[in-house]
Amino acid sequence: MMGSKAAIFATAAVLAVLFSAPALAQKSSPPAPAPVSLPPTPAPAPAPAPHYVDLAELLSVAGPFHTFLNYLEKTDVIETFQGQANNTKVGITIFVPKDSAFAALKKSTFTNLTSDQLKTLLLYHAFPKFYSLAEFKNLSSLNPVNTFAGAPYTLNLTDDMGSIYVQSMWSRPKIASSVYATKPVAIYALNKVLLPMQLFSKDPPLAPAPAPAPESGASDAPSPAAGKAGGLAGGKGDSTSAAAHSTGAVGVASSLLLAAAGCLMVLQW
């Protein structure tokens, strides 16, 4: 009996130790730190929208490039250039002749071209890639350079002491100014139209020179009416002097007759 009681007490003691051990461990260990709440990660900033250049608007205000712009819109080449500028990574380079460059050539130079030929001429004034002025010096080593019109419509570029010349078959204009040069669009002004040999078998004729302005002294010349009036006045003066001369002659003759009559009377006396 005593042995069974001892076994019961021993078992109870073991169980008490087992159940009290987690409680003691919990009391002795420090409390777990509270979870730190991190701020939400900010969403990445949206990529900036691509900068589109409205070529028609730019050419309409940066000119005078009205003639070239009218041809671009008439042939829809403006849409080709705009698509190249907006939808490609390589961009576009356009050589734009001034209005005076077109006016210097005879009008038949362009009116005799077919619609396809005129379109080719306009495409001939562009490279299907963006080039800054600084890049032209290196580009000249790759002459001839293909234009937007494709082979065999090429151009030669030369750098002469910092001046860039664009050479076609019948013209070699210098780049007069940089109208716009921010990637992907570069626009450069020319004082002459680029004229390829494939469209013009000979040098196109120039427009006739304007008539010279009248000299400032021309208004001082007497008018025909004034001359006629002067002639009439002169004729009247001449007739008056002739009449006076005739009257004088009659008086002299009368005096001579009276003198002769006097002499005869003296002799008779």
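A few notes on this one:
- Test: residue in the stretch 192-204 that is within 18 Å of PRO128 (Cβ to Cβ) and not polar (S, T, N, Q): yes
- Filter result for the condition that a residue is closer than 19 Å to VAL90 by Cβ, open to solvent by less than 30 Å² (accessible area, probe 1.4 Å) and not in a helix (DSSP H, G or I), over LEU155, LEU139: LEU155
- Members of the stretch 172-212 found to be assigned to a loop (DSSP other than H, G, I, E, B), surrounded by 15 or more Cβ atoms within 10 Å (Cβ to Cβ), under 18 Å from the mean Cα position of the chain (by Cα) and not hydrophobic (A, V, I, L, M, F, W, C), listed by number: PRO173, PRO184, ASN191, LYS192
- Listed by first and then second residue, the pairs linking a residue in the stretch 94-114 that is in a helix (DSSP H, G or I) to a residue that is among the hydroxyl-bearing types (Ser, Thr, Tyr) and surrounded by 13 or more Cβ atoms within 10 Å (Cβ to Cβ), with Cβ atoms under 8 Å apart and 6 or more places separating them unless they lie on different chains, are ASP99/THR67; PHE102/THR67; ALA103/THR67; PHE110/TYR71.
- Residue pairs meeting the criteria (Cβ under 7 Å; at least 6 apart or on separate chains; first closer than 19 Å to TYR165 by Cβ, in the stretch 117-138; second surrounded by fewer than 18 Cβ atoms within 10 Å (Cβ to Cβ) and hydroxyl-bearing (Ser, Thr, Tyr)): LEU133/SER178
- Residues satisfying the stated conditions in the stretch 107-132, i.e. of a type outside the set (S, T, N, Q), under 21 Å from the mean Cα position of the chain (by Cα), more than 16 Å from VAL90 (Cα to Cα) and surrounded by 13 or more Cβ atoms within 10 Å (Cβ to Cβ): PHE110, LEU118, LYS119, LEU121, LEU122, LEU123, TYR124, HIS125
- Filter pass, GLN167 being open to solvent by 20 Å² or more (accessible area, probe 1.4 Å) and more than 18 Å from ASP54 (Cα to Cα): yes
The values are calculated or read from the model by the stated rules, or taken from the named source; none is laboratory data. This one's a predicted model, so the numbers in the text were calculated from it and none came from an experiment. Please note: Cβ atoms are built from the backbone with ideal geometry, for glycine as well, and neighbour counts cover all protein chains shown. Only protein heavy atoms, including side chains, enter the accessible area calculation; ligands, DNA and RNA are left aside. Shrake-Rupley method; radii C 1.70, N 1.55, O 1.52, S 1.80 Å.
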